[in-house]
Structure formats: C-alpha cells, structure tokens
Amino acid sequence: MMRRFFLIAVPYAWLLALFLVPFIIVLKISLSDTALAIPPYVPTVEWGQVREFLSQLDFENFVWLTQDDLYWKAYLSSVQIALLSTLMTLAIGYPVAYAMARAPEEWRATLMMLVILPFWTSFLIRVYAWMGILSNEGFLNQFLMWTGIISAPLTILNTNAAVYIGIVYAYLPFMILPIYATLDRMDASLIEAAEDLGCSRVSAFWLVTVPLSRNGIIAGCFLVFIPALGEFVIPSLLGGSRTLMIGKVLWEEFFNNRDWPVASAVAVILLLILIIPIVLFQRNQQKQAEAEP
Amino acid sequence: MMRLSWFNIVSLTLGFAFLYLPILILVIFSFNESKLVTVWAGFSTRWYGELLQNEAFLNAAWVTLKVAVFSSTLATVLGTMAAYVIVRAGRFPGRTLFSGMIYAPLVMPEVITGLSLLLLFIGIGLDRGVLTIVLAHTTFSMCYVSVVVSSRLVTFDRSLEEAALDLGCSPFEAFRLVTLPIIAPAVIAGWLLAFTLSLDDLVIASFTAGPSSTTLPIKIFSAVRLGVSPEINALSSILIAIVTVGVITASLVTKRNALRQKHEEQAAARAQ
C-alpha cells in the first residue's frame with residue numbers, strides 16, 4: 001500500500017509543482033497590474049483570500065488586448081497561417097504516405113525511418129537550413145535564375161511565404177506518419193472490389209481510400225495545426241517584421257517589452273484558442289482507440 | 001506485390017527530396033572555403049577548425065550536454081513511474097487530473113510552458129541556471145517518456161510478473177528481474193527521446209536559462225538571427241551527423257534484438 005502511494009505521489013507531486021502551479025501563476029499574473037519594479041508585476045491577488053480575490057480581479061490586461069489591434073491581428077494571422085500550412089502539408093504529405101503504403105514490403109521500414117530521421121534532427125537547424133536557401137542570393141534564387149525562369153531574385157526570406165514553407169517542411173513527418181499508418185492497415189482487396197464493381201481508379205481512390213484513411217488525415221492535421229499555432233522559431237527566423245504570429249508576440253512582449261502581465265494574458269488567450277482543437281483531437285484519438293479491438 | 005506506378009514514384013522522390021535537400025545543402029556549404037555562405041569557393045574544413053577554437057560554443061555545448069544527461073535520466077525515472085501509474089494503478093483520487101497533466105504538456109505551446117516555469121522560478125526565488133533548465137526539461141520530457149513506456153506496458157503479459165511473485169520474488173525484485181528487462185527497449189527509447197528533446201530545445205531553455213548557463217540552441221539562435229554563417233553550418237553538420245549515426249545504430253540494434261528474440265521463440269517452440 002505504501003509502495004503504491006509512493007509510486008503515484010512522486011510523479012504526481014512533480015507535475016503539480018512544475019506544471020499546474022506555474023500555470024496558475026500565469027493566470028494570476030495575467031490578472032495583475034503592471035509595475036515598473038522587477039519582477040514587473042504587482043500581485044493583486046493574495047492566496048487564500050477568495051472573497052478579496054473575486055473583488056480584486058483585474059481584467060485590465062485582457063481589455064488592453066482587445067483594444068490594441070496588434071493582438072487581434074496576431075491571433076487571426078496565427079490561425080490563418082496555421083490553417084493554410086496544415087492544408088498544404090496535407091496536400092504534400094498524403095501522396096507521399098500513399099506511395100509509401102504502396103511500396104514493396106521490404107522498402108517500407110527504410111522509408112519509415114527516412115521520414116522519422118528528420119524529426120530527430122534539431123528543429124532549429126532544419127529551419128535554419130532554409131535561411132540559406134530562401135535568401136535573395138540563396139540557393140533557390142540562384143537555381144531559378146540559372147534555369148532562366150526568373151531574371152531578378154525573388155524576395156522570399158522574411159515574408160509570410162517563407163513561414164509557410166518552414167512550417168510545411170518542419171511538420172511534414174507529423175502528417176505523413178499517421179496517414180501512412182491508416183493506409184498501411186487498409187485492406188487492398190477493398191480497392192479491387194470497387195474496381196470490379198466498375199469504379200475507375202480515380203473514383204475508387206476518392207470513394208474508398210480517402211474515407212478509410214480519414215482518421216489518419218484528422219490526426220495528422222491536428223498534429224500539424226496545434227504546434228504551428230503557437231510556433232515561435234519559424235516566424236522569427238524565416239518571417240519578416242510584418243509576420244504576426246502569437247508565439248512571436250508573446251516572446252517580444254516578454255523579452256523586449258518586459259511586460260509580464262500582458263505576456264501572461266497573451267498566453268492565457270492562446271491556450272483558450274488551443275483548447276478547442278486539443279479536445280477535438282483527444283476525442284478523435286479516443287474514438288480510434290475504441291474502434292480497434 | 002504490386003509495382004509502383006509512376007505517380008507514386010514521383011511523389012516519393014519529390015517528398016524525400018523536399019525533406020532531405022535542405023539538410024544536404026547545409027552540410028555541403030559547411031565545407032565551403034568562402035565566408036559568403038551562398039557562393040561556392042572550393043572545399044575546405046576551415047570552419048570546423050574555427051569552431052573548435054570557439055570557446056563560447058564549446059562552453060554552450062558542455063552546458064547542453066549536462067542538462068540533457070541529467071534531465072533525460074530524471075525524466076526516464078519519473079516517466080516510467082507515471083506510465084506504471086497510468087496503466088497499472090487503477091482508480092485513485094485525482095486520476096483524471098493526473099492523466100490530464102501527463103498529456104497536456106505534449107500539446108502545450110513551448111512559449112507558454114517556458115513562460116509559466118520562469119514565473120514559478122522567479123516566484124520561489126530560484127536563481128536561473130543549469131538546475132532550472134534541468135527541472136523544466138524533465139517536466140516536459142517525462143510526459144513523452146511515459147507515453148512511450150505506457151504503450152509497451154499495455155501489451156505486457158502480467159502473468160509473468162505474477163509468476164515471479166508466486167515463486168518468491170519481492171515486488172521490487174519482480175520489477176527488476178522480470179518487468180524491467182521486458183520493457184527495457186521502450187525505456188531506452190524514452191530516454192533517447194528525452195535526450196534529443198533536451199538537446200534541441202530553444203524556447204523553454206531561453207525562458208529558464210540564466211546568463212551563465214547558455215545552451216547550444218540559444219547560442220545558435222542568437223548567431224543565426226544575424227544571418228547565415230559558415231561556422232553555424234559546420235556546427236549544424238556535426239550535430240546532424242551525431243543524430244544520424246545514433247538513430248541508425250539504434251534502429252539496427254532493435255532490429256537485431258527483434259530477430260534474435262524471434263529465433264529464440266522459434267527454438268523454444270521446437271523444443272516443446
């Protein structure tokens with residue numbers, strides 16, 4: 001009995017102290033006034049004084065967020081960038097996953113490893129690799145000018161286009177793997193049956209393969225969308241000064257403006273936006289787990 | 001087996017070219033003689049030499065390694081315990097909160113995790129340094145470890161453990177002699193995952209590091225913000241090489257173990 005208590009208590013206490021409590025502090029600070037002293041916040045809430053807590057709740061920072069255009073635009077453009085890049089990742093990832101599932105059996109383990117390998121390689125380095133490719137005198141522009149497609153270099157680095165490329169590139173394995181997993185399990189005789197019954201190959205694909213890989217598509221989309229929404233490294237290295245993403249705004253609010261309460265309020269709202277896709281994702285995973293024997 | 005259609009061959013080629021060309025270009029240009037990263041001026045290992053002289057990078061590498069070793073080891077212990085709790089402990093008060101806290105860090109944006117931990121450390125007056133980064137990394141990577149280990153524990157045959165207990169093992173001995181060797185591949189995979197996550201992390205480390213404890217990603221990030229540099233290319237290439245060798249070795253070892261296990265099972269079946 002003692003042993004069981006110990007087994008539960010140690011990781012439980014760790015997570016409470018280093019995950020839940022910090023988060024409550026963020027909530028608390030997001031409801032505090034800014035002061036110039038360091039730490040730059042005045043706690044308006046004292047622990048244990050619930051009545052006082054409620055009377056002193058200070059939504060000033062949230063009101064401030066709604067009044068300043070910057071934050072609205074940052075939230076909206078984060079959602080837009082994350083959504084569009086998720087769709088682009090799907091468009092690129094699906095054919096790759098499909099081809100992997102159709103590849104000869106003995107290749108598949110190697111192909112799987114080739115997809116996973118970039119995931120183990122530093123994220124920062126993979127994003128950095130694109131800086132040299134996309135810059136004005138970079139590899140891509142040199143190549144395009146060499147082929148004669150363009151005569152003057154394109155400006156891609158430090159624009160939103162570079163951010164899209166970066167997100168698609170960095171998160172592609174997350175899209176390919178779940179889709180491949182569902183396609184790999186699919187019974188190939190279903191396609192044969194559809195073709196025997198008069199479907200063309202294209203309509204068999206749309207009517208049989210795609211619906212059967214739905215769970216993989218949904219899982220892949222969430223796995224790309226959720227981290228892309230709060231992304232910081234990609235917009236700050238590949239994006240320009242006009243690229244607005246909420247992760248970058250939070251970072252700048254905290255490190256450059258040293259405005260902790262506003263940074264905390266930005267974090268709280270980002271989390272509120274994320275709760276919807278996270279809950280949907282969990283449901284989808286649970287449904288899938290229950291569907292399997 | 002059906003043959004690949006031309007469409008599938010094209011998508012595989014383009015897909016993998018997209019995944020690997022940027023890394024390949026980065027590695028090639030790390031051997032460039034010129035300071036200008038985009039113009040090829042002949043083969044040279046000069047940037048690797050300069051990297052080894054750069055004390056700031058070497059110090060950062062040492063801090064990163066220390067943080068990664070401590071945090072991944074701690075995370076493996078805590079994550080394995082957490083996996084046990086999730087799979088085995090049954091009902092206990094606060095179970096929902098517990099599994100919520102295990103899964104939430106997996107989807108939590110890094111900026112939020114980093115910010116919240118920093119505010120905690122300041123709140124309790126803990127000076128930022130190696131210790132705070134280790135605490136932060138352990139917290140998020142233990143969740144990854146517990147996911148990896150619990151997926152193995154679910155398929156584990158409990159009767160083996162019960163047999164050991166019946167034969168007079170103490171619960172701890174049963175764990176050490178029976179359970180641990182069986183779940184070992186998952187525990188090792190979890191450790192490796194925690195180790196790489198810690199090596200890679202920029203955002204959480206930036207929030208929780210003090211001025212004297214700069215990690216390699218923080219160093220790389222501040223250098224890279226100013227533009228592409230051949231030294232960073234060289235450093236990146238070294239890191240890529242280490243990871244590639246590590247991953248390929250690990251997968252070969254697992255493959256060999258799986259084969260050996262299969263042979264042993266077949267031999268046991270024949271002996272019966």
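For region A:149-227 versus region B:80-132, the inter-centroid distance based on Cα atoms is 33 Å. Once the Cα atoms are used to define both axes, helix B:130-154 deviates from the longest principal axis of chain B by about 50 degrees. For region A:207-217, backbone phi angles converted through the Karplus equation (6.51, -1.76, 1.60; θ = phi - 60°) give residue-by-residue couplings of 8, 10, 5, 4, x, 6, 9, 3, 4, x, 4 Hz, Gly and Pro being listed as x. With respect to chain A, whose longest principal axis is taken over its alpha-carbon atoms, helix A:246-255 is tilted by about 40°.
Please go through region B:179-260 and write out the trypsin sites (Lys or Arg not before Pro) that DSSP classes as loop and that have at most 15 other C-beta atoms within 10 Å. Numbers along the way, then the final one.
Details: sites: B:LYS219, B:ARG225, B:LYS255, B:ARG256, B:ARG260; in loops: B:ARG225.
Passing sites in region B:179-260 are B:ARG225.
Across peptide B:98-110, how many C-beta atoms of other chains are within 10 Å of each residue C-beta, on average? Across the residues of B:98-110, the mean count of other-chain Cβ atoms within 10 Å is 6.
Decide, for region A:68-291, between rounded, prolate and oblate: order the square roots of the alpha carbon gyration tensor eigenvalues as a ≥ b ≥ c, take rounded if a/c falls under 1.5, and otherwise choose prolate if a/b is larger than b/c, else oblate. In terms of gyration-tensor shape, oblate.
Which value, in debye to the nearest 20, gives the size of the charge dipole of chain A about its Cα centre, when Lys and Arg are +1 and Asp and Glu are -1 at the Cβ?
On the way: 16 positive and 21 negative charges, 70 e Å.
Magnitude of the dipole: close to 340 debye.
Solvent exposure of chain B amounts to 50 Å² per residue of accessible area, where only protein heavy atoms count and the probe is 1.4 Å.
Quote the FRET efficiency, to the nearest 0.05, computed for B:SER212 versus B:ARG260 with a Förster distance R0 of 60 Å and r equal to the Cβ-Cβ distance. Write down the numbers at each step before the final one.
Working: r = 47 Å, r/R0 = 0.79.
Efficiency computed from Cβ-Cβ geometry: 0.80.
Considering only A:PRO118, A:PRO95, A:PRO22, the mean-square fluctuation computed in a Gaussian network model of chain A, springs between alpha carbons under 10 angstrom, is largest for A:PRO22. Take the Cα of B:PHE92, step 7 Å toward its Cβ, do the same at B:PHE7, and the gap between the two points is 5.3 nm. Taking chain B as a Gaussian network of alpha-carbon nodes connected by springs under 10 Å, the highest mean-square fluctuation of the residues B:ALA68, B:ALA250, B:ALA258 belongs to B:ALA258.
Here A:GLN282 and B:LEU36 are evaluated by their C-beta separation; at R0 = 45 Å the FRET efficiency comes out at 0.35. For region B:223-237, a reduction of at least 20 Å² in accessible area between the chain on its own and the assembled protein chains (probe 1.4 Å) is found at B:VAL224, B:ARG225, B:VAL228, B:SER236.
Give me the extension gain from B:ASP127 to B:LEU24: residue separation times 0.36 nm, minus the current Cα-Cα distance, reported in nm with one decimal. Show your work: numbers first, answer last.
Working: separation 103, 0.36 × 103 = 37.08 nm, distance 4.07 nm.
Stretched out fully, the B:ASP127 to B:LEU24 stretch lengthens by 33.0 nm.
Within the full protein context, the accessible area of B:LEU235 is estimated at about 20 Å² for a probe radius of 1.4 Å. Computed from label points 7 Å out along Cα-Cβ, the spacing between B:PHE175 and A:CYS199 is 5.1 nm. Here the Karplus relation 6.51 cos²θ - 1.76 cosθ + 1.60, evaluated at θ = phi - 60°, turns the backbone of region A:199-206 into coupling constants of 6, 6, 4, 5, 6, 4, 4, 6 Hz, with x for every Gly and Pro.
Within 10 Å of each Cβ in A:132-140, how many Cβ atoms from other chains are there, averaged over the peptide?
Numbers: counts 12, 7, 1, 4, 1, 4, 4, 8, 1.
That works out to 5 on average.
Accessible surface of the protein assembly as shown, 1.4 Å probe: 67 percent of it comes from carbon and sulfur atoms. Couplings 3J(HN,Hα) of region B:227-232, computed from phi: x, 6, 9, x, 5, 5 Hz, in residue order, whole Hz [Karplus 6.51 cos²θ - 1.76 cosθ + 1.60, θ = phi - 60°; x for Gly and Pro]. Normalising the average separation of contacting C-alpha pairs (under 8 angstrom, six or more residues apart) by the number of residues puts the relative contact order of chain A at 26 percent. Would you work out if the protein assembly as shown is rounded, prolate or oblate? Take a ≥ b ≥ c from the square roots of the eigenvalues of the alpha-carbon gyration tensor; rounded if a/c is under 1.5, else prolate when a/b is larger than b/c, oblate otherwise. Since a/c stays below 1.5, the shape of the protein assembly as shown is classed as rounded. Look at the alpha carbon pairs under 8 Å that are at least 6 residues apart: their mean separation over the length of chain B gives a relative contact order of 30 percent.
For region B:112-155, a reduction of at least 20 Å² in accessible area between the chain on its own and the assembled protein chains (probe 1.4 Å) is found at B:ILE112, B:LEU115, B:SER116, B:LEU117, B:LEU118, B:LEU119, B:LEU120, B:ILE122, B:LEU135, B:THR139, B:MET142.
Accessible surface calculations at 1.4 Å, restricted to protein heavy atoms, place region A:68-291 at 45 Å² per residue.
Provide the buried accessible surface between chains A and B in square angstrom, both chains summed, 1.4 Å probe, rounded to the nearest 100. Walk me through the numbers on the way to the answer.
Numbers: alone 18200 and 17310 Å², together 28180 Å².
That pair hides around 7300 Å² of surface in total.
Please identify, among A:LEU90, A:LEU229, A:LEU134, the residue showing maximal mean-square fluctuation in a Gaussian network model of chain A using a 10 angstrom Cα cutoff. Its mean-square fluctuation being the largest, the pick is A:LEU134.
The values are calculated or read from the model by the stated rules, or taken from the named source; none is laboratory data. Worth saying up front: this structure is predicted, and the values here are computed from it rather than measured. Ideal geometry is used to build each Cβ from the backbone, glycine not excepted, and the neighbour counts take in all protein chains shown. The area values use the complete protein model at the heavy-atom level, side chains included, leaving out ligands, DNA and RNA. Shrake-Rupley method; radii C 1.70, N 1.55, O 1.52, S 1.80 Å.
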